[in-house]
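The values are calculated or read from the model by the stated rules, or taken from the named source; none is laboratory data. Bear in mind that the values here come from a model prediction, so they are computed numbers and not experimental data. Quick reminder, even Gly has a Cβ in these numbers, built from the backbone with ideal geometry, and neighbours come from all protein chains shown.
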Amino acid sequence: MKDTNLGAFEELVLLAVGSLDENAYGVAIKDALESQSGRAPSIGALHSALYRLEDKGYLKSTEGGATTERGGRRKKFYALSGTGKEALVRAHELRMAFSHKIPGLNFNMD
Amino acid sequence: MNNDIKPPRWADNLLSLFCKEEIYEIIQGDLYETYFRNLKKHNKSKADRLYVTEVLQSLRPRLVKKIEGTQKLNNYGMFKNYLKIAWRNLSKYKMYSSIKIGGFSIGIAAFLLILLFVQDELSYDKRYEHGERIYRVISVNNDPVDFGMGTSFPAQIGQALGDNFPELEKVGRLIPYDWFNAGSNQFRVEDNLQSNYEEGFAYADQDLLEILEIPMVYGDRKSALSKPNSIVISKKKSDKYFPNQDPVGQTIFLNEDETEPIFIGGVMEDFPSNSHIQFDFFITLTGEEFWPGEQTNWCCWNYSPYVRTAPGTNSKELEEKLLLIRDNYIVKHAIESGSADVEETKKHFAFYLQPVGDIHLRSENIHDVVARGNIKVVWLFMAIAVFILLLACINFINLSTAKSSNRAKEVGLRKVIGSFRNNLVQQFLTESILYSVISVVIGIGLAALFLPYFNVISDKALVLPWTEWFVIPLLIGFIVFIGLIAGIYPAFYLSAFKPIDALRGSISRGSKSSKLRSVMVVFQFTTSIVLIVGALIVYRQMEYILNKDLGYDKEQVIMLQGTNTLDGKLLTFKEELLKLSEVKNAAFSNYLPVAGTKRDGNTFYKDGRDKIDRGVGAQRWTVDQDYVKTMGMRILEGRDFSDRASDSSAIIINETMAKKLNLENPVGEKIMNWETWHVIGVVEDFHFDNMKGGIRSLSMVRGSQGSIIAVKVDTKDMASLLESITKTWDGFMPNQPIRYTFLDESYARMYEDVKRTGNVFTIFAVLAVIVACLGLFGLSAFMTEQRSKEISIRKVLGASFQVIFQMLTLDFLKMVVISLILAIPIGWYLMSGWLNDFEYRTDITWHLFAIAGMVVLSIAFITVSFESIKASVVNPVKGLRSE
């Protein structure tokens with residue numbers, strides 16, 4: 001289904017996953033979000049979003065990487081799927097299209 | 001990485017409770033990682049708090065376990081699969097399935113019918129509000145030689161009990177036997193012309209109504225019998241004589257005696273079928289005195305006392321206290337009347353308070369008026385029912401395990417795919433419960449179908465209790481229980497197959513399992529043979545009873561009843577009867593050798609020795625002078641009655657009495673009870689009790705009153721003779737319809753319970769044989785199937801029909817022979833026990849067992865040969881061709 005309505009938080013999560021390349025798992029994604037936006041979601045909220053995004057098909061996941069730090073519990077690594085990338089691009093385009101229509105709003109960082 | 005510092009346990013537990021399985025570990029891992037990171041920056045309590053916050057924030061809808069999870073869905077789905085497979089198996093092997101179900105249904109039907117019977121027997125007298133305080137007073141004679149218990153006491157027992165024992169709230173006496181107006185009478189409502197014969201009269205104290213909590217339709221239970229000459233009648237009779245009215249206060253006459261009018265004090269509800277007493281008329285004992293001084297004389301024992309104790313009374317202690325009555329009244333009377341029984345009485349007489357609920361089933365040793373049930377019979381029937389059910393379960397088990405190789409591949413495959421043994425056990429239990437459901441439904445149908453016949457045989461009015469609240473849960477419980485019992489062994493047996501053996505096809509009947517199967521077959525047939533032998537013996541005993549020389553001739557004797565109302569016309573009527581050519585003889589008497597006629601127990605002594613000797617208890621029958629001739633009794637010494645005047649004090653005694661009185665030459669001797677008699681003859685002992693007891697002492701004296709005329713006839717056309725007799729009767733008593741029975745029929749009725757036992761045994765023997773043979777049939781069919789290749793090869797190699805046949809049947813017949821050998825000692829032991837109840841009995845002979853064995857053997861043979869013959873003649877190619 002071509003539902004490209006990404007919530008703002010969801011979009012951020014996708015972006016964070018994309019930026020992390022290989023190591024995109026729970027805590028790492030949370031750190032990335034925190035360092036970029038200053039706000040960190042709770043683990044629960046984050047996983048909920050990741051779960052939903054995977055359901056929608058924007059993310060793929062693999063499991064593995066248990067460490068003693070985690071008491072031997074494994075991690076779930078996420079990565080952007082093709083569809084996910086498309087969705088991000090479309091979302092970005094949508095923002096751009098609107099912003100160009102607003103006079104006096106300058107997106108270029110000088 | 002501190003191993004002993006951990007986040008708070010309860011938070012973890014909370015998480016594990018709520019979190020979805022697949023994400024639980026991952027989230028928890030993230031949480032732990034964060035926790036340890038926090039520990040580096042903060043102290044433990046802060047880190048803990050942060051952890052808890054995180055946990056709480058993880059309780060989001062998307063992450064929480066579904067309540068209707070895939071777990072449940074999985075189980076539900078599996079059951080659907082099990083049922084589907086079970087049904088397919090059932091339909092695929094129709095013959096085996098129908099044998100399993102058929103056997104089960106029969107077993108269940110039998111079980112249900114017996115259950116109803118047992119439940120009815122056990123329900124007698126259980127509905128009293130104060131049932132645990134109601135007792136019947138029984139006299140006990142603890143003499144080791146002559147042990148016995150009786151229900152009768154002298155008249156004053158009521159007063160003696162009431163006055164001396166405050167623990168007895170109420171005392172009420174009953175006279176249930178044929179005595180004065182108790183028993184049967186002619187009943188006529190004042191102003192009516194028609195006088196009808198009625199039975200079911202008894203005398204009762206007013207308090208008896210309250211003790212037995214008799215519900216009243218009209219009138220008050222507390223006073224219905226409190227006035228003299230009152231009577232309480234049952235609703236049935238009230239509807240008959242006073243339809244739609246309240247008859248209280250109306251007058252009736254008994255036996256056409258208009259000098260003693262009786263008025264109706266009340267109408268009681270009919271007694272339910274499961275009550276130990278069944279009377280239609282209670283005549284009051286208030287103000288009643290049967291002869292002057294009767295109510296205070298401790299000579300004669302005719303009253304049966306019932307009591308209700310005060311709450312908290314211990315009946316055993318009370319029984320001890322009651323010995324006071326023995327000493328103050330009974331012994332006192334014995335001393336005063338100079339009886340030689342004083343010492344005996346002091347030593348051996350005791351009281352027993354029999355709880356009212358025990359009367360129907362636990363009165364074996366009590367000499368009672370009515371034939372009671374027997375708790376032993378109840379247990380016996382229950383045991384039989386359980387056995388038959390067991391046989392059916394065995395069939396199920398045998399056939400399921402025998403056919404196991406059919407399911408082997410399925411079991412192996414399921415295990416390979418990942419089934420645990422538990423799942424397989426569940427599957428097979430589900431299957432057996434399915435069979436159980438079907439069988440129970442059919443079984444109930446069968447039971448309902450045969451209930452009317454069973455009611456006839458058992459002489460009851462049983463109904464299936466559809467509407468009781470406990471029926472549905474009980475049924476469900478029963479179905480599950482039976483399914484589990486029958487299914488548990490096959491379930492474990494089948495689920496134990498190793499996958500690789502199963503799939504390779506090397507599962508075949510192991511020798512271990514076939515031993516167990518053989519044992520079960522032997523068990524089935526042993527039970528059947530024992531039942532058949534039981535049935536045969538009961539029938540033999542019945543034959544014996546019916547055909548034994550009784551000492552009198554019961555054939556072709558008509559008993560005309562109610563003749564006491566003829567009064568003065570008795571002799572004339574008798575003469576008229578004798579005029580009919582086919583009437584050989586006729587005699588008056590109230591006393592006949594069949595149950596339900598009068599009895600009169602007396603104590604006799606040699607003349608003059610009543611204070612010296614112990615008395616001999618003997619019957620004293622008043623008969624007319626043609627009695628002995630009419631009944632075909634044989635005089636051994638001396639002579640019969642004649643019409644000599646001196647014969648008014650003549651007495652004839654039987655052999656037993658002569659022996660007991662130690663009379664060497666009885667004829668001419670004088671004996672006495674309260675009058676003196678001279679012995680004119682000795683009659684050969686004849687049976688007048690049922691054959692469970694020996695022949696007791698009996699004497700006969702001459703008298704001309706009687707309410708029964710015994711008519712000895714010799715006719716081939718009974719119907720037309722009866723017409724003539726009826727005409728003669730109507731000429732004398734136009735307002736009283738003739739009533740007659742046949743002596744041989746009355747005699748046979750005395751042994752109704754024996755006949756009934758025989759019928760029940762037969763039915764269950766047949767059922768057991770059917771079930772066992774069904775099992776045998778299934779097994780033999782299966783064996784043949786298994787060995788079809790072998791048979792074909794043998795045939796090809798030249799085996800003849802006989803050889804094949806022999807090969808297939810011999811094993812089974814061996815099992816039946818073993819059953820026979822086992823059944824012999826068991827059957828012998830059980831049936832001896834039953835026969836021992838009878839003083840006069842047939843013997844258990846070898847050929848009974850031979851007959852039973854032959855029957856079972858031939859039936860088994862036929863059963864097995866069906867399949868064997870088929871196998872022996874089949875074209876060998878069929879067996880060898882592989883699909």
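The table below lists the values:
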| quantity | calculated |
| --- | --- |
| Any pair with Cβ under 6 angstrom, 6 or more apart, that starts in the range B:447-458 at a residue that is in contact (Cβ under 8 Å) with a residue 12 or more places away in the chain and ends at one that is surrounded by 12 or more Cβ atoms within 10 Å (Cβ to Cβ) | B:447/B:109; B:447/B:112; B:447/B:113; B:448/B:464; B:454/B:113; B:457/B:759; B:458/B:117 |
| Qualifying residue in the range B:78-91 (condition: of a type in the set (S, T, N, Q), surrounded by fewer than 21 Cβ atoms within 10 Å (Cβ to Cβ), touching a Leu at 6+ places or on another chain (Cβ under 9 Å) and modelled with pLDDT of 85 or more) | no |
| Enumeration of residues in the range B:346-374 that are acidic (Asp, Glu), surrounded by 15 or more Cβ atoms within 10 Å (Cβ to Cβ) and free of Cβ contacts under 8 Å to residues at least 24 places away in the same chain | B:358 |
| Residue ID - nearest to residue B:561 (Cα to Cα), chosen from residues in the range B:199-248 that are of a type in the set (Val, Ile, Thr) and under 29 Å from the mean Cα position of the chain (by Cα) | B:214 |
| All positions within the range B:277-299 that are surrounded by fewer than 19 Cβ atoms within 10 Å (Cβ to Cβ) and over 25 Å from residue B:226 (Cβ atoms) | B:299 |
| Any chance residue B:50 is within 14 Å of chain A (Cβ to nearest Cβ) and either modelled with pLDDT of 85 or more or under 30 Å from residue B:9 (Cα atoms) (or both) | yes |
| Any hit, the range B:61-77, residues being surrounded by 13 or more Cβ atoms within 10 Å (Cβ to Cβ), under 30 Å from residue B:465 (Cα atoms) and either touching a Gly at 6+ places or on another chain (Cβ under 6 Å) or within 14 Å of chain A (Cβ to nearest Cβ) (or both) | no |
| Enumeration of residues in the range B:113-151 that are of a type in the set (Val, Ile, Thr) and in contact with a strand residue (DSSP E or B) (Cβ under 8 Å, 6 or more places away or on another chain) | B:134, B:137, B:138, B:140, B:151 |
| Failed item in (1) among the small types (Gly, Ala, Ser); (2) under 15 Å from residue A:94 (Cβ atoms); (3) within 14 Å of chain B (Cβ to nearest Cβ), with residue A:26 passing the rest | (2) |
| Boolean, residue B:780 is in contact (Cβ under 8 Å) with a residue 24 or more places away in the chain and either part of a helix (DSSP H, G or I) or crowded, with 20+ Cβ neighbours inside 10 Å (or both) | yes |
| Residue B:616 vs. criteria touching an Asp or Glu at 6+ places or on another chain (Cβ under 8 Å) and at pLDDT 80 or above | no |
| Strands (runs of 3 or more DSSP E) completely within the range B:187-295 that count 2 or more residues being within 21 Å of residue B:370 (Cα to Cα) and among the aliphatic types (A, V, I, L, M) | B:196-204 |
| Hits in the range A:75-89 - residues which are surrounded by 13 or more Cβ atoms within 10 Å (Cβ to Cβ) and more than 9 Å from every other protein chain (Cβ to nearest Cβ) | A:77, A:78, A:79, A:80, A:81, A:83, A:84, A:85, A:86, A:87, A:88 |
| Any chance residue B:270 is touching a strand residue (DSSP E or B) at 6+ places or on another chain (Cβ under 6 Å), among the acidic types (Asp, Glu) and in contact (Cβ under 8 Å) with a residue 12 or more places away in the chain | yes |
| Residue A:47 of a type outside the set (Ser, Thr, Tyr) and surrounded by fewer than 19 Cβ atoms within 10 Å (Cβ to Cβ) | no |
| Index of the failed condition, residue A:63 passing every other in (1) within 14 Å of another protein chain (Cβ to nearest Cβ); (2) touching a residue at least 60 places away in the same chain (Cβ under 8 Å) | (2) |
| Subset of the range B:249-270 [among the charged types (D, E, K, R), within 37 Å of the chain's Cα centre (by Cα) and surrounded by 13 or more Cβ atoms within 10 Å (Cβ to Cβ)] | B:270 |
| Residues of the range A:7-31 satisfying the condition of being without any contact (Cβ under 8 Å) to a residue 40 or more places away in the chain, farther than 20 Å from residue B:28 by Cα and crowded, with 19+ Cβ neighbours inside 10 Å | A:12, A:16 |
| The range B:606-654, residues that are in a strand (DSSP E or B) and either more than 27 Å from residue B:560 (Cα to Cα) or of a type in the set (Lys, Arg) (or both) | B:606, B:616, B:617, B:620, B:636, B:637, B:638 |
| When residues of the range B:6-39 are limited to those that are of a type outside the set (A, V, I, L, M) and at the interface with another protein chain (Cβ under 7 Å from one of its Cβ atoms), the one surrounded by the fewest Cβ atoms within 10 Å (Cβ to Cβ) | B:36 |
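Residue-by-condition table, conditions (1) more than 17 Å from residue B:116 (Cβ to Cβ); (2) at pLDDT below 85; (3) in a helix (DSSP H, G or I):
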{"site": "B:393", "(1), (2), (3)": "yes, no, yes"}
{"site": "B:419", "(1), (2), (3)": "yes, yes, no"}
{"site": "B:424", "(1), (2), (3)": "yes, no, yes"}
{"site": "B:427", "(1), (2), (3)": "yes, no, yes"}
{"site": "B:451", "(1), (2), (3)": "no, no, yes"}
{"site": "B:460", "(1), (2), (3)": "no, yes, no"}
{"site": "B:493", "(1), (2), (3)": "yes, yes, yes"}
{"site": "B:501", "(1), (2), (3)": "yes, yes, yes"}
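Rundown of residues vs (1) free of Cβ contacts under 8 Å to residues at least 60 places away in the same chain; (2) within 14 Å of chain B (Cβ to nearest Cβ); (3) aromatic (Phe, Trp, Tyr), yes/no style:
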position	(1), (2), (3)
A:5	yes, no, no
A:33	yes, yes, no
A:50	yes, yes, no
A:58	yes, no, yes
A:73	yes, yes, no
